[in-house]
Amino acid sequence: MEVTAQMVKELRTRTGAGIMDCKEALKENEGNFEEAVRYLREKGLSSAAKKAGRAASEGQIYASLGEDGRMGVIVEVNCETDFVARTEDFQALLGTVADHVNDNGGDDLAEALKEVTTEAIAKLGENIVVARGERVVLGDNDSGKVVSYIHPGGRIGVLLDLRCETSEKAGDAALGETARDLAMHIAASSPQFLSEDQVPEVVLQSEREILLAQQKDSGKPENILEKIVEGRINKYKKEICLLDQPFVKDTDKTVQAYLKDRSAELGEEIRVSSWTRFQLGELAASDEG
């Protein structure tokens, strides 16, 4: 398969590796983009892990909450320039998209909002893409709070569902403050799973293979390499699991310890039920692969 300059450029954007390294990776993997990324990681030539969530386009992440704190939506809408993303017309479009997700959920947004999007393109003079949206609604018997956090600039946003034991506590301002702090933490630390027992074995095995490939020329005995890799796997799990991460507002304690302290202060158990984290452009970056 012929490796084109555009393919090399896209791989460089994704990984940060050099031109010749990207070209070689694509040749070795017959143009398979994901395998080329993996190849560069194994060779230690890629900074993909640090850049995996880097924005690939302009636009904004936007969230909207119900007045009772039991419902929330989060959406991503893309455009070509930051200038357009900050206009009143684009902000109005974000509200329209959020209202649609609130009423209908986040499926098939591009088709459902085709007419609205076409009008926005004509008015703003740029390509507009309604990328995605999600809705969280507490059940009738659920006690808790839905909160959002949008990082300044609108490039990262979080929608968090935090549960408590009683409906009385759900209205407590302290619970809302706790939820917002956790949402901000998720925005900053990008956890992939709640706890270690939720990490799929296939994810860990893939990471093991990459780590072993990186160490294969070290000259260390196999039993030593396995210990090194397992040590790094344990560290990796703590990095990607919310409850094990150092809490951003007090890095001397984990998120789990923070939740335990807050539960004691509030007088009942609070727990993270779910969250959604959007980062501008990450969907487009994954589609390129």
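The values are calculated or read from the model by the stated rules, or taken from the named source; none is laboratory data. Small disclaimer: the values here were computed from a predicted structure and weren't measured. Here the Cβ is made from the backbone with ideal geometry for all residues, glycine too, and neighbour counts use every protein chain on show. Keep in mind that these areas ignore ligands, DNA and RNA; they rest on the heavy atoms of the full protein, side chains included. Shrake-Rupley method; radii C 1.70, N 1.55, O 1.52, S 1.80 Å.
Working note: 222 nm ellipticity from helices only, DSSP H runs with n ≥ 4, each -39,500 (n - 2.57), summed and divided by the residues of the chain, gives -15000 deg cm²/dmol to the nearest 500.
The computed volume of the Cα convex hull per residue in Å³ for the structure shown corresponds, within (i) 141; (ii) 162; (iii) 124, to (ii). Hey, which of these cross-link pairs are over 29 Å Cα-Cα: K227/K253; K238/K260; K9/K237; K169/K253; K216/K237? Over 29 Å apart, Cα to Cα: K9/K237. Among A131, A170, A264, the residue with the largest mean-square fluctuation in a Gaussian network model of the chain, with springs joining Cα atoms closer than 10 Å, is A264. Extending 7 Å from Cα along the Cβ direction at S218 and again at E35 yields two label points whose distance is 2.7 nm. Each residue, Q6 and S195, gets one label point 7 Å from its Cα in the Cβ direction; the gap between the two is 4.8 nm. Taken per residue, the accessible surface of region 159-289 reaches 53 Å², heavy atoms only and a 1.4 Å probe. Using only side-chain charges placed at the Cβ, +1 for Lys and Arg and -1 for Asp and Glu, the dipole size of region 193-237 relative to its Cα centre rounds to 220 debye. Just checking the listed ones, P246, P221, P200: in the Gaussian network model of the chain with Cα springs under 10 Å, the one fluctuating most is P221. Taken about its Cα centre, region 155-289 carries a charge dipole of roughly 300 debye when the Cβ of each Lys and Arg holds +1 and the Cβ of each Asp and Glu holds -1. Considering only N127, N223, N102, the mean-square fluctuation computed in a Gaussian network model of the chain, springs between alpha carbons under 10 angstrom, is largest for N223. Here the dipole of the chain is about 1180 debye; that uses its Cα centre as origin and unit charges on the Cβ of Lys and Arg (positive) and Asp and Glu (negative). Inter-label distance, E28 to D103: 5.3 nm, where each label sits 7 Å from its Cα along the C-beta direction.
Within the accessible surface of the chain, defined with a 1.4 Å probe on protein heavy atoms only, the carbon and sulfur portion equals 46 percent. At the residue level, D261 shows approximately 60 square angstrom of accessible surface with a 1.4 angstrom probe and all protein chains present. Partners of K123 within straight-line reach, counting lysines whose Cα lies under 23 Å from its Cα and excluding those fewer than 8 residues away in the same chain: K114.
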